[in-house]
Amino acid sequence: MTWSATARGAQQPDNTAFTQQRLPAWQPLLSASIALPLFFCAGLAFIGLGLGLYYTSNSIKELEYDYTGSLDTGNCSACAEADQDGAPPPNCSCALNFSLPEFFQGPVYFYYELSNFYQNNRRYSVSCDNAQLSGFPSALRQPVNDCAPYQYGAAGLPIAPCGAIANSLFNDSFSLWHELPPSGPYVEVPLDRTGIAWWTDNHVKFRNPPLVNGSLALAFSGTAAPPSWPRPVYELSPDPNNTGFVNQDFVVWMRTAALPTFRKLYARIRQGNYSAGLPRGNYSVHVTYNYPVRAFHGRKLVVFSSISWMGGKNPFLGIAYLVVGSLCILTGFVMLVVYIRYQDQDDEDDSDD
Amino acid sequence: MSVIVKSATGEIYLFCKGADSSIFPRVIEGKVDQIRSRVERNAVEGLRTLCVAYKRLTQEEYGGVCQLLQAAKVALQDREKKLAEAYEQIEKDLILLGATAVEDRLQEKAADTIEALQKAGVKVWVLTGDKMETAAATCYACRLFRRDTQLLELTTKKIEEQTLHDVLLELSKTVLHYSGSLTRDNLSGLSTDMQDYGLIIDGAALSLIMKPREDGSSSNYRELFLDICRSCSAVLCCRMAPLQKAQIVKLIKFSKEHPITLAIGDGANDVSMILEAHVGIGVIGKEGRQAARNSDYAVPKFKHLKKMLLVHGHFYYVRISELVQYFFYKNVCFIFPQFLYQFFCGFSQQTLYDTAYLTLYNISFTSLPILLYSLMEQHVSIDVLKRDPSLYRDIAKNALLRWRVFIYWTFLGVFDALVFFFGAYFVFENTTVTSNGQIMTTNTHMVRRLWVCPFSVFLECITNKIFLENIFRCDSSVCFVSSSGSLPPLCSL
């Protein structure tokens, strides 16, 4: 049997670097002179970034007022008491008074916040019909089974919009009043209720079904409103551009939150005299308290916030960067000490050999 | 082994060849003593010896032989035994012809290979069918035994003088009192004052050790024998029948530490041990392809074993173990946040990630980096591995897949998962991240926007993990920092 080195057999594998494991490889060999500056630089960079983020976050103003009205907080307690047995009577209204000690830099964003409300519950979050909400006429009167038990109404009529998310639409409404100094009458602060939903939601995902004889109400004939709604969907707002499925409050609500404590944008304050911000003084929020939260021990709050390049007020990222940066620098120092201490030892050993 | 031939003139002869120890007993005529001394001299010089004998068969004798063989060949029961008995009967009363000696030169770089393997912590045993003198000479030539190696003999000669028990006890006393738990391999042969032991054992002695006894003392002999072997740097087993070679391999495989065994051979008589060992390697050589056909790997030359084990074996082990550990790690990292999320969604099985991410995570997002790693990774370059065989000890005894390493990776996975989940949770809790005030913390059917940013962070961290492991090589403190430090910079996107 001959073993010829030159004849290339049919089974012989390719003699390339790839197939013969001869690819060039490189590995950085970290020494103290690379690792130490790296740690120190990284630590300084993180600390710098952390400080920047932290101070930016601190400079953002945020005010929260709980208006659930449980007996200890005092506000809106009458409506809250009515809520204890079920939904409060319609149009129960209350007022929330607060005062701003200093100028609140605008534009000011007005949110409502709910707590202990699990919009991320799986059965809840699948309970809607996207085809119906996209305005397809065929889907309007055939809501999907996921919407059950909010699929068909009492009279057997299909519910539009169907599902639990739509049914639990937040229906408190707010108005902000400013007391003109000195102790003058209360003036309403104009709230800009447009542009609070995502552009894609408003213009792409949610669309009204095609108008019938120019009327939205006729387009929805043969459907019923969700059981908890006082008015049908085409009467959500007097503004014809903001009613039906494209109503901004409705769209904001349908975009379910990821955590049990969440905020949703209600309005922006950037019109008229208040476009620069809210001057100091006394304010009052008039709340139409409709939404019952006592049953699941939830809380309702209104939040005023200003926005910066990093969004709302959140010191966490700044603090995280500061912590990691200091850990980096601390580790760098420890390594430096170890290096200095044992460097001499190494030199001694080397010189012995 | 015999052959029966008929000459042109019609005479029938039986020619027999074999080892001297099996031919001489059957010989009744010939210059036995002369040839015996000649054979011994040849053996000491390292030549492989054989003796040849013959006898003449008459027609009746031939007929009888044929009948005997035929009866044995078609026997339905105990065919092997009947054949052996038939051969015994036929091959006797022979006339000695002479002896042959073959110089079986060592393959090139055989000594180098064996030395490298010993430095790498691999115990090298030689199992051969040759005479003791031949085999010992060969072992000296290939540097299995050094000049200062003290040879201990467990051969038939010695057992004739003392009982097996005594021999074993004496050997174990000699060897074990030196060791404690230090063996020569631990010091990789650097210490000169450590006495080096080599054991020579005979096929007959081995069968005595392995023979089952009524009082169960054979298991003690085996244990004792294995203890002695463990303390010796090299073992030479000579006069081994093929089945005995397999027996020894089996004995080692099931000994206390369950070592991984590799058998390499080039002839048909090595097939049984190649099949028995964990890894069988056949050398395609002058003795045909029988060994290669039965092996797991076939190599053209013995010297290829060095690169095969020290380079390729090392690479493959590191790659596979990292692959396995990484797979567990990335899935822990992936699913643990999902588990944590249940505490925040009312335990309603809401998924943290979109279905697309769930499906594609293992298939496309995290598959390519580790695939390339496990195909190409060279943690140490090839020439360094070849130059320094003791690097092979880094992976001895399955070092990278031990419990401790696995728990380290799992703990790292849990830590990373906690950082990912709670980092994202606190960053996105209650805040807006857009400049027009619209809320980003929303989802529709599955949590999407909230977790896309941390998901991409998380992906980058997972893929960087390979990179980091490569650089930092299980330097745990640095990994700690780098894993936690990777979240903020990537989250600020």
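Structural remarks
- Set B:K307/B:K330; B:K256/B:K306; B:K6/B:K92; B:K82/B:K158; B:K131/B:K306; B:K158/B:K307 screened for pairs whose C-alpha atoms are more than 30 Å apart: B:K307/B:K330; B:K82/B:K158; B:K158/B:K307
- A cut-off under 13 angstrom between Cβ atoms defines the neighbours of B:G18, and their net charge, with Lys, Arg +1 and Asp, Glu -1, is +2.
- Of A:A155, A:N120, A:N290, farthest towards positive along the dipole that unit charges on Lys, Arg, Asp, Glu beta carbons give region A:93-301: A:N120
- Spin-label proximity, A:R22 to region B:294-334 - amide N less than 20 Å from point 7 Å beyond Cα toward beta carbon: B:299-301, B:303-316
- Under 12 Å, Cβ to Cβ, from B:G423 - net charge with Lys/Arg +1 and Asp/Glu -1: -2
- Cα-based reach from A:K313 at 21 Å (exclusive), listing lysines while leaving out same-chain residues under 8 positions away: A:K61, A:K264, A:K300
- Per-residue SASA entry for B:Y13, accessible area with 1.4 Å probe, Å² rounded to 10: 50 Å²
- Largest-first ordering by accessible area, 1.4 Å probe, given options B:H304, B:H379: B:H304, B:H379
- Between A:L63, A:L259, A:L36, the Gaussian network model of chain A with springs among Cα atoms under 10 angstrom shows the greatest mean-square fluctuation at A:L36.
- Placing unit charges on the Cβ atoms of the charged side chains and taking the dipole of the protein assembly as shown about its Cα centre, the candidate lying farthest along the positive direction among A:P238, A:P137, A:A82 is A:P137.
- Inter-centroid distance (Cα atoms) of region B:70-123 relative to region A:168-244, Å: 98 Å
- Within chain A, the cysteines lacking any other cysteine Cβ closer than 4.7 Å to their own Cβ are A:C41, A:C128, A:C328.
- Tail fraction, Cα-Cα pairs, region A:93-301, threshold 21 Å, whole percent: 58 percent
- Using a Förster distance of 51 Å, the FRET efficiency for A:R141-B:L418 (Cβ separation, nearest 0.05): 0.60
- Looking at the protein assembly as shown, the DSSP beta bridges with both ends there are about 75 percent antiparallel.
- The GluC sites (Glu not before Pro) found in region B:195-259 that occupy coil by DSSP, while having at most 15 further C-beta atoms within 10 Å, are B:E214, B:E257.
- The sum of -39500 (n - 2.57) across all DSSP H runs of n ≥ 4, divided by the residue count of the protein assembly as shown, sets its helix-only mean residue ellipticity at 222 nm to -12500 deg cm²/dmol.
- Spin-label pair B:L169-B:H312: with each label point 7 Å from Cα along the Cα-Cβ axis, the two points sit 5.0 nm from one another.
- If a spin label sat at a point 7 angstrom from the Cα of B:I320 along the line to its beta carbon, the backbone N atoms of region B:276-301 nearer than 20 Å would be those of B:276-282, B:294-299.
- When the alpha carbon gyration tensor of the protein assembly as shown is reduced to an equivalent ellipsoid, its three semi-axes come out at 88, 33, 22 angstrom, largest first.
- Spatially proximal lysines relative to B:K253 (Cα-Cα < 17 Å; intrachain offsets below 8 disregarded): B:K123, B:K245, B:K397
- All alpha carbon pair distances within chain A were sorted into 10 Å bins beginning at 0; the resulting P(r) in whole percents reads 5, 17, 21, 17, 12, 9, 8, 6, 3, 1, 0, 0.
- Contact surface A-B: accessible area buried, both sides summed, square angstrom, 1.4 angstrom probe: 4500 Å²
- Distance between the pseudo-spin-label points of B:Q349 and B:V74 (7 Å out from Cα toward the beta carbon): 7.2 nm.
- At a probe radius of 1.4 angstrom, the accessible area of region A:93-301 per residue rounds to 43 square angstrom.
- Ranking of A:S59, B:S37 by solvent-accessible surface, largest first: A:S59, B:S37 (1.4 Å probe, protein heavy atoms only, all chains present).
- About the centre of its Cα atoms, the protein assembly as shown shows a dipole size close to 1900 debye [charges on the beta carbon of Lys, Arg (+1) and Asp, Glu (-1) only; nearest 20 debye].
- A simple spin-label model places the labels of B:I260 and B:V5 4.9 nm from each other, with each point 7 Å out along Cα-to-Cβ.
- A Cβ-based charge dipole, computed about the Cα centre of region A:93-301 with Lys and Arg at +1 and Asp and Glu at -1, lands at about 420 debye.
- Rounded percent of accessible protein surface that carbon and sulfur make up, chain A, 1.4 Å probe: 57 percent
- Accessible surface, 1.4 Å probe, highest first, among residues B:T134, B:T9, A:T261: B:T9, A:T261, B:T134
- Along chain A, longest interval not containing exposed chymotrypsin sites (Phe, Trp or Tyr not before Pro), exposed being DSSP loop plus at most 12 other Cβ atoms within 10 Å: A:27-308
- Between A:L44 and A:V338, the C-beta separation translates, for a Förster distance of 22 Å, into a calculated FRET efficiency of about 0.60.
The values are calculated or read from the model by the stated rules, or taken from the named source; none is laboratory data. Values in this document were obtained by computation on a predicted structure and should not be read as measured data. We place every Cβ from the backbone using ideal geometry, glycine too, and count neighbours over all the protein chains shown. Calculation scope for accessible area: heavy atoms of the full protein, side chains included, ligands and nucleic acids excluded. Shrake-Rupley method; radii C 1.70, N 1.55, O 1.52, S 1.80 Å.
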